[in-house]
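Notes to accompany the following structure.
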Amino acid sequence: AQSQGPREAGVAPLIPYHLLQSREIVLKSQEFDIVHNNYFNSYLFTAFSNWLSCPLVTTVHNDFWQFPNLRSILEKTHRKGKDGLVFVSHKAKELAGEPSGSYVIYNGIDFDSYEFNKNGGDTLLWLSRIVKNKGAREAIEVARDTHMPLVLSGYEPISEEHRIYYNTYIKPYLSSTITDVGGANSLEEKIKLYSNAKAFLFPILWEEPFGLVMLEAMSCGTPVIAYAQGAIPEVIVDGKIGFIVNRSNEDVRGDWIIKKTGIEGLSEAVERIYSMDNADYLTMREEARQHVEKNFGIAHMVDEYEKLYKMLVGNTAAKS
């Protein structure tokens, strides 16, 4: 059950190749100054870390560290004082228990690859994997509540559980105003979807470590409406480039502009955006783009990683 462990997404066929690659890297590690592990299933490399002859940086892209039983295992593969553990948000690091030797470096995006559209379009957009925690059902409920058109762009269901979810909560509600265009197969298709949206809905139901789709949407100028889960309050400036909404009255994460919670709160945020003065809306789109350029550019992310590399390599050299 998802509540009992990590959510993996069809990666099992690649595991043998990842293990072989990890083994080869370890055997050649004397040739490297540092190794950076970006596997989604990071343990596929960290299991070999004790045999590395250089420091290791591991970026955590999932929620594995949030489960105590898994955390205890992962901690054993982390060489304290030699390796760096990078979380992609402060919330993710907090939920992981603030492991020693851990850092926060936000994900970055090559925003120049995402064409800015100063005007936007008329539809709401939801784009993600078709799984419960990504909130496609909630996006549909908001569209039905506000009577606004919604475009869904979801990756195909990959398991029987996901097919049941799609057939129960998505497919029956598709109509002339709630459309499923399938997964975007190219960057150009994604940009077209983002650019032609009035707002991007991100009603996630889990502690999302980051959420790159928010940066993609904002790079195109599209404001984001999201639940205050995971890293969302670290990425979105409430009221300026979108709206943050508390998921329920029992789970209040902040004093946001929208006081209603749940679907009612999301719907109010949608109505606010559609009723905005055009000049104010265009300003919101411009500020969304500027927010990404200022805080989440790929160059800034690379700079932060380079600083960490140099520190860890320097620490190792000092001890040798």
How large a share of the accessible area of the stretch 18-132, in percent, is made up of carbon and sulfur atoms when the probe is 1.4 Å and the other protein chains stay in place? 52
³J(HN,Hα) across the stretch 238-250 via Karplus (A = 6.51, B = -1.76, C = 1.60, θ = phi - 60°), whole Hz, x for Gly/Pro? 4, x, 9, 10, x, 9, 9, 10, 5, 5, 7, 5, 8
The chain shape via C-alpha gyration tensor axes, a/c threshold 1.5: prolate
For the stretch 36-47, in residue order, the Karplus 3J(HN,Hα) values (coefficients 6.51, -1.76, 1.60; θ = phi - 60°; whole Hz; Gly and Pro = x) are 10, 9, 10, 4, 4, 8, 4, 5, 5, 9, 5, 4
Taking 7 Å along the Cα-to-C-beta vector as the label spot, tell me the Lys28-Asn119 distance in nanometres, rounded to one decimal. 5.2
Expected vector for the stretch 131-141, Karplus 3J(HN,Hα) from phi with 6.51, -1.76, 1.60 and θ = phi - 60°, integer Hz, x for Gly and Pro, equals 9, 3, 5, 8, x, 5, 4, 5, 4, 5, 4
Give the angle, between 0 and 90 degrees and rounded to the nearest 10, that separates the Cα long axis of helix 15-27 from the longest principal axis of the Cα atoms of the chain. 40
Answer rounded, prolate or oblate for the stretch 134-248, using the Cα gyration tensor with square roots of eigenvalues a ≥ b ≥ c: rounded when a/c is under 1.5, else prolate when a/b is larger than b/c, else oblate. rounded
Positive dipole terminus of the stretch 27-141, leading residue within Leu95, Phe111, Trp126 (C-beta point charges): Leu95
Listed peptides 302-312, 125-135 by packing density, highest first (mean Cβ within 10 Å): 125-135, 302-312
Quick calc, the chain, dipole around Cα centre from Cβ unit charges on Lys, Arg (+) and Asp, Glu (-), nearest 20 debye, gives 760
Check: the stretch 29-129 dipole with +1 on Lys, Arg Cβ and -1 on Asp, Glu Cβ, in debye: 440
Accessible solvent surface per residue of the chain, calculated while the other protein chains remain in place, 1.4 angstrom probe, Å²: 48
What pairs in Lys93/Lys319; Lys28/Lys319; Lys80/Lys294; Lys190/Lys310; Lys259/Lys294; Lys198/Lys307 have C-alpha atoms more than 31 Å from each other? Lys80/Lys294; Lys190/Lys310; Lys198/Lys307
Using a 10 Å cut-off on Cβ atoms, rank the peptides 56-67, 269-280 from the highest mean neighbour count down. 56-67, 269-280
By its C-alpha gyration tensor, with a ≥ b ≥ c as the square roots of the eigenvalues, how is the stretch 31-115 shaped: rounded for a/c under 1.5, else prolate for a/b larger than b/c, else oblate? oblate
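The values are calculated or read from the model by the stated rules, or taken from the named source; none is laboratory data. These numbers come from a predicted model, not from an experiment. Backbone-built Cβ (ideal geometry, glycine too); neighbour counts: all protein chains shown. Just the protein is used for accessible areas: all its heavy atoms, side chains included, with ligands, DNA and RNA removed. Shrake-Rupley method; radii C 1.70, N 1.55, O 1.52, S 1.80 Å.
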